[in-house]
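These notes concern the structure reproduced below.
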Amino acid sequence: MPLPPGQIFLLRTLPRLFGFPVVVYAALHYLANYVDAIPRWVAPMGAILIFPALFFVPTFWADFKNERLRRALDADPVPFVRGGGFLGLKILKMFLKHAEAMYPSSFYGDLPEKYGTFFHLRLLLRHTIVTMEPSHVKAILATQFDNFQKGPVLIKSFRPLLGDGIFNVNGDIWKFHRGLTRPFFARNRITDFDIFERHTDKAISVIRTRLREDQPVDFQDMIGRFTLDVASTFLLGKEMDSLSLPLPYPTSGGLKSSTIMNPNTHIAESFVHSFSLAQKISSTRHLNGGIWPLMEMWDDKLKPHMDVIYNFVEPVIQSAIERKKGGVDKGKEESLTMLDELVRQTDDLILIRDETINMLVAGKDTTSATLSFAVYMLSEHPQFLAKLRQEVLDTVGPNRTPTYDDVKDMKFLRAVINESLRLYPPVPFDARSAVKETTFPPITPGGKPLFIPAGATLMYSVAYMHRRKDLWGPDALEFDPDRFIDARVQKYLVPNPYIFLPFNAGPRICIGQQFAYNQMSFFLIRLLQSFSSISLDLTARPESTRPPEEWKLKEGRQGKETLMTDVHLTLFIKDAMFVRMTEATER
Ligand code: HEM
Ligand SMILES: *[C@@H]1O[C@H](CO)[C@@H](O)[C@H](O)[C@H]1NC(C)=O
């Protein structure tokens with residue numbers, strides 16, 4: 001049995017933490033024995049006082065050096081947030097409070113009003129620079145790519161889930177992974193819609209059956225199964241078939257852990273549960289920063305869930321490796337799944353396993369969140385639903401299976417997806433760590449560049465940026481897909497493409513972007529071929545997903561939300577989104 005994370009952490013840190021004080025104590029004690037003028041209490045006192053010095057002296061020294069560097073570069077400092085309290089704990093407390101009723105574009109409280117679109121926080125002595133400036137994000141992701149990496153705290157928090165997969169590595173190892181997975185996303189592969197067809201049809205039939213019982217459907221739950229079934233098919237060629245399990249009713253509540261850990265529970269059920277908790281636990285670890293192991297002194301919270309995940313993926317990978325060794329797949333031209341593609345390049349079980357899990361983390365919840373928010377918005381804006389449905393009927397008709405060429409031509413569909421991604425980006429916050437000190441270009445012409453110290457964490461928020469009125473126009477808080485088609489595109493997006501970054505940008509841009517657009521488009525077309533109207537069933541809304549009263553006072557979207565959002569790694573709707581739909585009569 002390996003030790004729990006907390007105990008490993010203590011074994012590693014205590015010697016480092018106490019080593020220096022022990023030396024100080026011993027030295028002073030020894031001196032006091034020989035020099036009568038030094039009283040006995042000096043030794044323990046010195047050992048205690050050295051603690052704060054250990055932390056603060058290096059900090060002051062670094063600050064001093066940074067200030068000199070900044071002047072040498074003739075750069076301005078990023079506005080510093082005052083009143084954060086000791087070690088920034090007041091601000092951390094505010095963040096934790098906001099994380100409880102999480103609305104992405106109000107996470108930072110009144111800081112943006114007070115300080116503007118970028119500001120500097122000192123959280124537990126670490127430099128944290130928050131920005132929602134397109135030019136900064138461009139520097140982080142593209143022009144200064146090599147200087148901004150996934151930071152050590154992020155990597156350590158996620159390594160037990162992601163291993164050394166593409167998501168969680170930097171530099172040459174990252175390049176290797178990018179090369180390993182790229183062939184799968186080649187154009188001919190992702191324009192093959194066969195994968196989507198079977199699962200979409202299954203999803204539609206499950207929805208229809210439930211609605212015919214005169215019961216609402218939890219769209220978010222259903223679509224999460226759909227993206228899981230698609231992902232398990234294209235990644236592993238192994239059917240998860242979670243859409244075959246009974247859908248929840250409004251009253252059924254959540255799954256119980258006892259059922260999940262029961263070996264007789266259907267694999268899809270335990271997998272869905274463990275996969276989602278594994279992400280939640282890893283994100284909580286990340287929120288707690290470098291000291292997360294202290295919250296897990298007696299047990300490893302993640303491990304039981306990783307066991308469930310590994311138990312599903314490992315045998316599939318093992319048998320693919322054996323098939324290759326046995327030469328069974330020789331001469332097969334097209335590799336259809338990502339697993340085929342990976343096995344062709346390596347025999348390393350752990351490498352393939354971690355890469356598969358990374359793909360699942362990257363692709364499953366992002367896609368289902370976008371579809372959930374798109375359906376949420378279409379239910380609130382029947383005029384856009386009608387317009388989109390008209391485009392579907394004009395392009396594909398009421399029954400035919402959509403093809404890649406259909407999807408390519410459907411401008412309004414793309415605009416609806418883009419507008420959902422703008423208001424509800426599945427990755428609302430992201431972060432990088434500055435390797436060396438650097439500067440960001442000035443925001444105003446003729447202004448000075450901004451100084452970024454080495455080691456700083458850069459938190460950039462696409463969610464905030466996507467809602468800025470100065471970047472998107474006065475109606476930025478409204479859901480209006482036409483802004484991606486009419487004169488507003490030329491006015492706002494075309495001259496400044498970095499204002500819209502749901503998939504990030506630069507060398508690490510989402511590798512699954514086209515795949516995701518195709519999958520989402522295919523599903524929405526099928527949905528609107530089958531149903532002609534959608535409405536939220538607010539009577540079925542669980543109490544936990546009713547937005548708090550203070551949201552109503554907020555301007556724009558937040559004041560109008562009827563459902564509550566939440567964020568772990570990705571943005572989603574809290575707990576459930578029950579909808580009712582009317583069956584189409586055209587077919
Ligand atoms: C609407 C759906 C999606 C959205 C909004 C989205 C968004 C993103 C974002 C913001 C990143 C950058 C994360 C970072 O570097 O910090 C990313 C990376 C990535 N995405 Fe997606 N994604 C989506 C769907 C998918 C799908 C379907 C797949 C795979 C099948 C996928 C695979 C990946 C991978 C592998 C990376 C890491 C790339 C790298 O680090 O080089 N994504 N995605
Ligand atoms: C949607 O956004 C993508 C960028 O992610 C862009 O390439 C595309 O042109 C946009 N399309 C429409 C119709 O808005």
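The values are calculated or read from the model by the stated rules, or taken from the named source; none is laboratory data. Remember, it's a predicted structure, so these values are computed and weren't measured experimentally. For neighbour counting, all protein chains shown are included, and Cβ atoms are generated from backbone atoms with ideal geometry for every residue, glycine included. For accessibility, only protein heavy atoms count, side chains too; no ligands or nucleic acids. Shrake-Rupley method; radii C 1.70, N 1.55, O 1.52, S 1.80 Å.
Find all pairs meeting these conditions: Cβ atoms under 9 angstrom apart; at least six residues apart or on different chains; first residue within region 1-25 and under 24 Å from residue 303 (Cα atoms); second residue aliphatic (A, V, I, L, M) and open to solvent by less than 50 Å² (accessible area, probe 1.4 Å). Close Cβ pairs (under 9 Å, with a partner that is aliphatic (A, V, I, L, M) and open to solvent by less than 50 Å² (accessible area, probe 1.4 Å)) amount to 4/297; 5/297; 5/302; 6/297; 7/297; 9/297; 10/297. Considering only residues in region 392-441 that are more than 16 Å from ligand 2 (Cβ to nearest atom) and polar (S, T, N, Q), the one that is most open to solvent (accessible area, probe 1.4 Å) turns out to be 399. Which one is farthest from residue 139 (Cα to Cα), of the residues in region 483-527 that are more than 12 Å from ligand 2 (Cβ to nearest atom) and among the aliphatic types (A, V, I, L, M)? Taking the candidates together, the pick is 527. So which residues in region 66-78 are under 30 Å from the mean Cα position of the chain (by Cα) and either among the small types (Gly, Ala, Ser) or exposed (fewer than 15 other Cβ atoms within 10 Å of the Cβ) (or both), if there are any at all? Correct list: 77 only.
Results for (1) assigned to a loop (DSSP other than H, G, I, E, B); (2) within 15 Å of ligand 1 (Cβ to nearest atom), shown as yes or no for each residue.
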residue: 488; (1), (2): no, no
residue: 492; (1), (2): no, no
residue: 495; (1), (2): yes, no
residue: 516; (1), (2): no, yes
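Kindly establish whether residue 507 is farther than 22 Å from residue 374 by Cβ and either in contact with a Pro (Cβ under 8 Å, 6 or more places away or on another chain) or within 16 Å of ligand 1 (Cβ to nearest atom) (or both). So residue 507 passes the test. Considering each of 351, 413 in turn, give the residue that is at pLDDT 90 or above and within 30 Å of residue 7 (Cα to Cα). Being at pLDDT 90 or above and within 30 Å of residue 7 (Cα to Cα) holds for just one of 351, 413, which is 351.
Only one entry of 395, 444 meets the criterion of being under 20 Å from residue 136 (Cα atoms) and of a type in the set (S, T, N, Q), and that entry is 444.
Of all residue pairs spaced 6 or more apart or on separate chains, those with beta-carbon atoms under 8 Å, a first member in region 447-465 that is on the phi > 0 side of the Ramachandran plot and a second member that is surrounded by fewer than 24 Cβ atoms within 10 Å (Cβ to Cβ) are 455/126; 455/127; 455/433; 455/434. Among residues belonging to region 144-156 that are modelled with pLDDT of 95 or more and part of a helix (DSSP H, G or I), point out the one that is most open to solvent (accessible area, probe 1.4 Å). Step by step, filter region 144-156, then rank; the result is 146. Within region 39-57, residues that are without any contact (Cβ under 8 Å) to a residue 12 or more places away in the chain have Cβ atoms under 6 Å from residues that are surrounded by 14 or more Cβ atoms within 10 Å (Cβ to Cβ) in these pairs: 40/32, counting only partners at least 6 apart in sequence or on another chain.
Across region 1-35, the number of residues qualifying as more than 16 Å from residue 295 (Cβ to Cβ), out of contact with any Phe, Trp or Tyr (no Cβ under 7 Å at 6 or more places or on another chain) and open to solvent by less than 50 Å² (accessible area, probe 1.4 Å) comes to 4. Do we find that residue 197 is closer than 27 Å to residue 408 by Cα and open to solvent by 10 Å² or more (accessible area, probe 1.4 Å) in this structure? The answer is yes for residue 197.
Being open to solvent by 40 Å² or more (accessible area, probe 1.4 Å), out of contact with any helix residue (DSSP H, G or I) (no Cβ under 6 Å at 6 or more places or on another chain), farther than 30 Å from residue 403 by Cα and away from ligand 2 (no atom under 16 Å from the Cβ) is a condition met by at least one residue of region 557-578. The residues in region 80-91 that are in contact with a Gly (Cβ under 9 Å, 6 or more places away or on another chain) and either exposed (fewer than 15 other Cβ atoms within 10 Å of the Cβ) or not in a loop (DSSP other than H, G, I, E, B) (or both) can be counted, and the count is 2. Name the single residue, out of those in region 289-317 being in contact (Cβ under 8 Å) with a residue 24 or more places away in the chain and assigned to a loop (DSSP other than H, G, I, E, B), that is least open to solvent (accessible area, probe 1.4 Å). Step by step, filter region 289-317, then rank; the result is 302. Residues in region 497-514 that are aromatic (Phe, Trp, Tyr) and either in a helix (DSSP H, G or I) or under 26 Å from residue 229 (Cα atoms) (or both): 498, 503. Here are some conditions: (1) buried (at least 17 other Cβ atoms within 10 Å of the Cβ); (2) assigned to a helix (DSSP H, G or I); (3) aromatic (Phe, Trp, Tyr). Residue 119 meets all but one. Which one does it not meet? Among (1) buried (at least 17 other Cβ atoms within 10 Å of the Cβ); (2) assigned to a helix (DSSP H, G or I); (3) aromatic (Phe, Trp, Tyr), the lone unmet condition for residue 119 is (2).
Rundown of residues vs (1) assigned to a helix (DSSP H, G or I); (2) open to solvent by 40 Å² or more (accessible area, probe 1.4 Å), yes/no style:
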| site | (1), (2) |
| --- | --- |
| 93 | yes, yes |
| 97 | yes, yes |
| 108 | no, no |
| 112 | yes, no |
| 127 | no, no |
| 142 | yes, no |
| 158 | yes, no |
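Kindly check whether there is at least one residue in region 52-65 that is basic (Lys, Arg) and open to solvent by less than 80 Å² (accessible area, probe 1.4 Å). Within region 52-65 (the criterion being basic (Lys, Arg) and open to solvent by less than 80 Å² (accessible area, probe 1.4 Å)), the answer is no, since none of the residues qualifies.
Against the numbered list (1) touching a residue at least 60 places away in the same chain (Cβ under 8 Å); (2) surrounded by fewer than 20 Cβ atoms within 10 Å (Cβ to Cβ); (3) within 25 Å of the chain's Cα centre (by Cα), residue 524 comes up short only at (2). Of all residues in region 442-465, those satisfying the criterion of being of a type in the set (Val, Ile, Thr), under 20 Å from residue 501 (Cα atoms) and either open to solvent by 10 Å² or more (accessible area, probe 1.4 Å) or at pLDDT below 95 (or both) are 443, 457.
Out of curiosity, is residue 163 closer than 19 Å to residue 362 by Cα, touching a helix residue (DSSP H, G or I) at 6+ places or on another chain (Cβ under 6 Å) and surrounded by fewer than 19 Cβ atoms within 10 Å (Cβ to Cβ)? Judged against the criteria, residue 163 is a match. Residue pairs whose Cβ atoms lie under 9 Å apart, separated by 6 or more positions or on different chains, with the first residue in region 383-411 and within 17 Å of residue 485 (Cα to Cα) and the second among the aromatic types (Phe, Trp, Tyr) and in a helix (DSSP H, G or I), are 384/412; 387/412; 388/412; 390/412; 391/412; 407/517; 407/522; 411/484.
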